[in-house]
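For reference, the structure is listed below as structure tokens.
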Amino acid sequence: MSASASCRPLTDLSEDELKALVVEHGGKPFQARQLSHWIWKHGAESFGAMRNVPQGLKTSLADSYAPRTTTLTKAERSDDGTEKLLLELRDGETVECVIIPDRARTTLCISTQVGCPVGCVFCASGMYGVRRNLTAGEIAEQVLVARSRLGEGQKLTNLVVMGMGEPMLNLKGLLPALQRIHDPDGINLGARRITVSTSGYPRQMERFAAADPSYNLAVSLHAADDALRRELVPTAANKVADIVAAAHAYFGQKGREVTYEVVLLEGKNDRRADANALIQVLRGMPCTVNLIPWNPVDEIVELRGLGRPRNARIDAFAAQLRQGGLNVTVRRQRGADRSAACGQLRLREAQAGDAEG
Ligand code: SAH
Ligand code: SF4
């Protein structure tokens, strides 16, 4: 467990809560802004670094608070520059985030839950269910930790909420975290550079649509046929038509084109009929379909016999969708040599721990 286990992170507090806390500890309201600046702009990990904050206030706060509480426990870099980070939370749970440099861009992929309750059959994050939601501070702290890993002149340009967990099932943590990440006085990342991916919860997508500012939305559809989708995304009983309607309403309200993600599994959802079903449901919609060739997870290959389609099949599937009038992109493989898909590093670490213990 991390050293700061008994302390709460200040990153969990809103600006108003921080102000009230500062006053409660004998400080002046404006000193909350100074604290915020150190936490979000400078990424201060300790009170010691905060030079212009009075010592008395720092000592008083340090009894029960720390600027942030998430610590880096492991970093693995792939040949392509992708870096996967394993982070320990203050109760000893772990989550992953991934830094993905790509020419002028540096994208960070963050998590919203420890594990995931949805249990998609192909995903390492959902193999053992969910342990808990991340707090707003824990979600935003991933950006602070990752930012401190960047090289000279390197800057985070994009954020994707596509790590462990289902973001729509933790809007309570997600929305204030995104606010901090977007806030010009916080991390200052433009809302247009932030994309949240969901396995499709129409009611929560409506709530997400009410958020200000508006972020980009990606919907993990995987299949346009309800029965097949239920097989792949077992606990999401939501109907394809309702999910697509909610995504379309999001576009209507926010003017942001929705991306549909389809993780391609050999012989499962990569057939001609599967492409046709997608065309039927999505044709005419302002959207892009992002095909993601499945990144094999050893345990899942053994347990369920799933496989990644050959490149020729992926290309044929993409071509069929295009012929059907859809915009299609195919995700390039990143960090394949380092447990690239979400949840894999944590799973492997847990197994190594079991083997050692
Ligand atoms: N729970 C959300 C966000 C996290 S998953 C969601 O499902 O959208 C982010 C994306 O990674 C999803 O599109 C998911 O389908 C995909 N994914 C999960 N495991 C994968 C794997 N082993 N290979 C490729 N993509 C995977
Ligand atoms: Fe959860 Fe997304 Fe993984 Fe499905 S793909 S189990 S929703 S993290």
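The values are calculated or read from the model by the stated rules, or taken from the named source; none is laboratory data. None of these values were measured; they are calculated from a predicted model. Positions of Cβ are backbone-derived with ideal geometry, glycine not excepted, and every protein chain shown enters the neighbour counts. Surface accessibility is based on the protein's heavy atoms, side chains included, excluding ligands, DNA and RNA. Shrake-Rupley method; radii C 1.70, N 1.55, O 1.52, S 1.80 Å.
A few remarks follow.
- Segment 307-319: number of residues that are in a loop (DSSP other than H, G, I, E, B) and crowded, with 19+ Cβ neighbours inside 10 Å: 2
- Strands (runs of 3 or more DSSP E) fully within segment 47-110 counting 1 or more residues that are touching an Asp or Glu at 6+ places or on another chain (Cβ under 6 Å) and surrounded by 19 or more Cβ atoms within 10 Å (Cβ to Cβ): 83-88, 94-102
- Verdict on residue 219 being open to solvent by less than 20 Å² (accessible area, probe 1.4 Å) and either without any contact (Cβ under 8 Å) to a residue 24 or more places away in the chain or touching a Leu at 6+ places or on another chain (Cβ under 8 Å) (or both): no
- Odd one out for residue 40, checked against (1) touching a Gly at 6+ places or on another chain (Cβ under 6 Å); (2) assigned to a strand (DSSP E or B); (3) surrounded by 19 or more Cβ atoms within 10 Å (Cβ to Cβ): (2)
- Restricting attention to segment 249-286, the residues being hydrophobic (A, V, I, L, M, F, W, C), surrounded by fewer than 21 Cβ atoms within 10 Å (Cβ to Cβ) and touching a strand residue (DSSP E or B) at 6+ places or on another chain (Cβ under 6 Å) number 1.
- Matching residues, segment 116-161, being within 11 Å of ligand 1 (Cβ to nearest atom) and either polar (S, T, N, Q) or in a loop (DSSP other than H, G, I, E, B) (or both): 116, 117, 118, 119, 120, 121, 122, 123, 124, 125, 126, 127
- Here residue 227 fulfils each of the conditions (1) of a type in the set (A, V, I, L, M, F, W, C); (2) within 16 Å of ligand 1 (Cβ to nearest atom); (3) more than 22 Å from residue 35 (Cβ to Cβ); (4) not in a loop (DSSP other than H, G, I, E, B) apart from (2).
- For the criterion of being open to solvent by less than 70 Å² (accessible area, probe 1.4 Å) and assigned to a helix (DSSP H, G or I), residue 22 passes.
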